[in-house]
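Shown next, in structure tokens, is the structure this report addresses.
Nothing in this text is a laboratory measurement; each read-out follows from the coordinates by a stated rule. Keep in mind it's a predicted model, so treat the numbers as computed, not measured. Every residue, glycine among them, receives a Cβ derived from its backbone with ideal geometry; neighbour counts consider all protein chains shown.
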Amino acid sequence: MNNHPIVKFTILVTSNPASKQSNATAYQFCHAALKAGHLISGVFFYLDGVLTASNLVSPATDEINLPSLWAELAYQYDFPLEVCVSASLRRGIINEQEAEQLDLAHFNLKTPFVLSGLGQLAELSANCDRLMQF
Amino acid sequence: MILHTVNHSPFSSFALQDCLKQLGDTDYLLLTGDAVIAVTVPIESKSYLFKLDQEKRLFVLQADINARGLTASYGTTIDYSDFVRLSIECKSQLAW
Amino acid sequence: MEKKIGIVNRQPPHGSSDAREALDLSLALSAFNESLSLFYIGDGVYQLLAKHKTDDILQKDFQPMLQMLELYDVEQIYVCQTSLELRNISIDQLVIKPILLSIEAISSHLALQDQLLSF
């Protein structure tokens, strides 16, 4: 199927999944890259992109659920979904540990998304062949 | 060599104009999302876009044309797998 | 070899969080990457115009953080001269002392980068 070299992509998603098409475009780009035999080193969510990591996103049944699509793709191809912790906290995306630390009653980070620092973006950026932003 | 991606309509944003100012001599331009509108009607930067097309450096995501009920008058229409290939062919991407 | 990363700042400050969060990201990346370049083009140049007073708009004044770029050894800070001129801003009105470049020179510096992030 592939007679071309395998390329490692890092994807930076800065767009809101509920209001911007770019978030879906990023998903479709990843899907196409993986189908072509390439690798996704990881997807890093920043700015309003972090809203993709909420497990409370509940669109109507005839609408697309991007957080679920991202989660399924990450499970299927085994790549990390990293979410910037500072961008997340200011937008109300919280994991169990942060909720405990900040004395918040709830947490809502969807699995397999993980909260991580911007250092993780540096790491992903260093260990890929191409970085794409959506 | 940069793959410039624009996703805003030329009628509501300066993104396309700003991008064209910075486009290098060998760079590619890919219109996605609302930016596909640019190749469906006469706009101010049409002659520049047309030149890019002649040089095979203008690409348009077909799915975004179809989704909006539009027809591209020029530009190389591509699918997502072509998008992946372009991103590999270019050294970097700049999203406008 | 370390990748050259360029961060392109295109939005004015305060109307959206793009400027502030792009600066957060730049400062964070500078700890891991010594080949970081910042570009300010278009409305992005307003981020550098001195004397922001944000008390009355419930937005954080991030200009003190711009001063930290120097502390973090981020020296490649490029500003589009044409963007400044179009907005009647002179270089001595800016909070930092960036390198002024023409549109063409910005393009050639962008082409040198291995990765570009845009806000």
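Considering only the stretch C:50-107, how many residues are touching a Ser or Thr at 6+ places or on another chain (Cβ under 6 Å), under 27 Å from B:Gln17 (Cα atoms) and of a type in the set (A, V, I, L, M, F, W, C)? Matching residues across the stretch C:50-107 total 1. Number of residues in the stretch C:71-85 that are over 14 Å from C:Ile106 (Cβ atoms), more than 12 Å from the chain's Cα centre (by Cα) and surrounded by 12 or more Cβ atoms within 10 Å (Cβ to Cβ) equals 1.
Evaluation of C:Leu101 against the conditions (1) within 13 Å of chain A (Cβ to nearest Cβ); (2) under 28 Å from A:Leu131 (Cβ atoms) shows that the sole unmet condition is (1). Within the stretch B:9-32, the set of residues being in contact (Cβ under 8 Å) with a residue 24 or more places away in the chain, farther than 20 Å from B:Ser92 by Cα and not polar (S, T, N, Q) comprises B:Pro10, B:Phe11. Scanning the stretch B:48-79 for residues that are within 14 Å of the chain's Cα centre (by Cα) and assigned to a helix (DSSP H, G or I) yields B:Tyr48, B:Leu49, B:Phe50, B:Lys51, B:Leu52, B:Asp53, B:Gln54, B:Gln62, B:Ala63, B:Asp64, B:Ile65. Of the helices (runs of 4 or more DSSP H) contained entirely in the stretch A:19-134, those carrying at least 1 residues that are within 14 Å of chain C (Cβ to nearest Cβ) fall at A:21-35, A:85-89, A:118-126. Checking each residue in the stretch B:16-33 for being of a type outside the set (A, V, I, L, M) and assigned to a loop (DSSP other than H, G, I, E, B) picks out B:Gly24, B:Asp25, B:Thr26, B:Asp27, B:Thr32. Of everything listed in (1) outside any strand (DSSP E or B); (2) touching a residue at least 40 places away in the same chain (Cβ under 8 Å), the single unmet condition for C:Lys51 is (2). Can we say C:Gln67 is away from chain A (no Cβ under 13 Å) and either part of a helix (DSSP H, G or I) or more than 22 Å from C:Ile106 (Cβ to Cβ) (or both)? For C:Gln67, the condition - away from chain A (no Cβ under 13 Å) and either part of a helix (DSSP H, G or I) or more than 22 Å from C:Ile106 (Cβ to Cβ) (or both) - is met. Criterion applied to B:Leu70, B:Leu61 was being surrounded by 15 or more Cβ atoms within 10 Å (Cβ to Cβ) and over 16 Å from B:Thr5 (Cβ atoms), and the one residue passing it is B:Leu70. The set of residues from the stretch A:76-99 being surrounded by 16 or more Cβ atoms within 10 Å (Cβ to Cβ), acidic (Asp, Glu) and free of Cβ contacts under 8 Å to residues at least 24 places away in the same chain comprises just one member, A:Glu98.
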